[in-house]
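To start, the structure itself, in structure tokens.
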Amino acid sequence: QLVESGGGLVQAGGSLRLACSASGEMFNSYVFGWFRQAPGKEREIVAAISWSSTGRYYTDSVKDRFTISRDNRNNTVYLQMNNLKPEDTAVYYCAAHFSGTYYPFSGFDSWGQGTQVTVSS
């Protein structure tokens, strides 16, 4: 089970830190991703992280602004979001995949309920 937290309303240029708490065993064997879905748009990958944190992926629009990380001792995955823009407004979802790689992104099969991020201009 995945539970997201940390969403909210922030002004452009501000920061938020999302957290995803995972229950169950073998957390270290899962890769994790953050996805988002804006109104009227398809869900898209934002960032992904390997089990060891050595592999990280970011979609182009968030590079140098967002950082994905994980704490394997506390079964938590984070998304630090800095310099937020109005176009970052979306519901953000945490997802997991029992695999050694986060490719393909369509392989993510466990999802949280989502947390709303709203960035005002």
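Odds and ends about this structure:
- Estimated translational D of segment 1-63 in µm²/s (Stokes, Kirkwood radius over Cα pairs; 4 °C; 1.567 mPa s): 95 µm²/s
- Per residue value of the accessible surface for the chain (all protein chains in place, 1.4 Å probe), Å²: 52 Å²
- Accessible carbon and sulfur surface of segment 13-55 relative to its total accessible area, %, 1.4 Å: 48 percent
- Long-range amide H partners of G14 with built H, under 5 Å: L84
- Across the alpha-carbon set of segment 1-115, the Rg to Rh ratio works out to 0.94, Rh being the Kirkwood radius.
- Positive dipole terminus of segment 62-121, leading residue within S120, L79, Y93 (C-beta point charges): L79
- Placing pseudo-labels 7 Å out from each Cα toward the beta carbon at Q80 and T54 gives an inter-label distance of 2.2 nm.
- Projected-area average for segment 48-121 over all orientations - Cα convex hull basis, square nanometres: 5.5 nm²
- Given +1 at the Cβ of Lys and Arg, -1 at the Cβ of Asp and Glu and no other charges, the dipole of the chain around its Cα centre is 200 debye to the nearest 20.
- Neighbourhood charge, 13 Å Cβ-Cβ cut-off, centred on F98 and excluding it, Lys, Arg +1 and Asp, Glu -1: -2
- In terms of its alpha-carbon gyration tensor, segment 31-84 comes out prolate; a/c meets the 1.5 threshold, and the first ratio a/b outweighs b/c.
The values are calculated or read from the model by the stated rules, or taken from the named source; none is laboratory data. All values derive from a computational prediction rather than experimental measurement. Reconstructed Cβ throughout: ideal geometry from the backbone, glycine too, with neighbour counts over all protein chains shown. For the accessible areas, the whole protein counts, side chains as well, though only heavy atoms, and no ligand, DNA or RNA atoms are used. Shrake-Rupley method; radii C 1.70, N 1.55, O 1.52, S 1.80 Å.
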